[in-house]
1. Over the alpha carbons of the chain, what is the largest minus smallest coordinate on each principal axis, giving the biggest first in Å?
2. Order 58-66, 23-31, 3-11 from most to least packed using the mean count of other Cβ atoms within 10 Å.
3. Please report how many Lys pairs in the chain have alpha carbons closer than 18 angstrom, counting only residues at least 8 apart along the chain or sitting on separate chains.
4. Express the carbon and sulfur contribution to the solvent-accessible surface of the chain as a percent, rounded to the nearest whole number, probe 1.4 angstrom.
5. Hey, what's the chain come to in accessible area per residue, 1.4 Å probe, Å²?
Amino acid sequence: MKLKTKAKLLASLKIWLVIYPSITAFLYFLGGPIAHLPLYLRTLLLTATLVPWVVFVGVPTVEAILNRIPINKNKKQQI
């Protein structure tokens with residue numbers, strides 16, 4: 001159970017690492033031009049753009065980067 005929770009927390013962190021800068025960039029570049037649209041249309045446009053970005057590009061990129069970082073899983077010290 002503990003490993004499952006740890007995996008979920010790690011997945012949440014990966015998604016956050018992608019979604020926070022993605023939403024920020026989206027709103028920075030397109031926030032003004034779409035400001036006249038009703039909130040539900042802005043939300044639709046934001047989610048229709050960012051969900052595929054996060055799923056197909058963002059998270060796989062973060063995972064590829066993290067997989068390149070060596071992690072020492074053997075914590076035993078040799079004497």
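1. 68, 27, 17
2. Per-residue mean Cβ counts within 10 Å order the peptides as 58-66, 23-31, 3-11.
3. On the way: K2/K73; K4/K14; K4/K73; K6/K14; K6/K73.
Lysine pair count for the chain: 5.
4. On the way: 5000 of 7120 Å².
With neighbouring chains kept in place, the figure for the chain is 70 percent.
5. For the chain, the solvent-accessible area averages 90 Å² per residue.
The values are calculated or read from the model by the stated rules, or taken from the named source; none is laboratory data. The shown structure was predicted, so the numbers you read here are calculated from the model rather than taken from an experiment. Neighbour counts are summed over all protein chains in view; Cβ atoms, including those assigned to glycine, are modelled from backbone coordinates with ideal geometry. Protein only, heavy atoms only, side chains kept; ligands, DNA and RNA dropped before computing areas. Shrake-Rupley method; radii C 1.70, N 1.55, O 1.52, S 1.80 Å.
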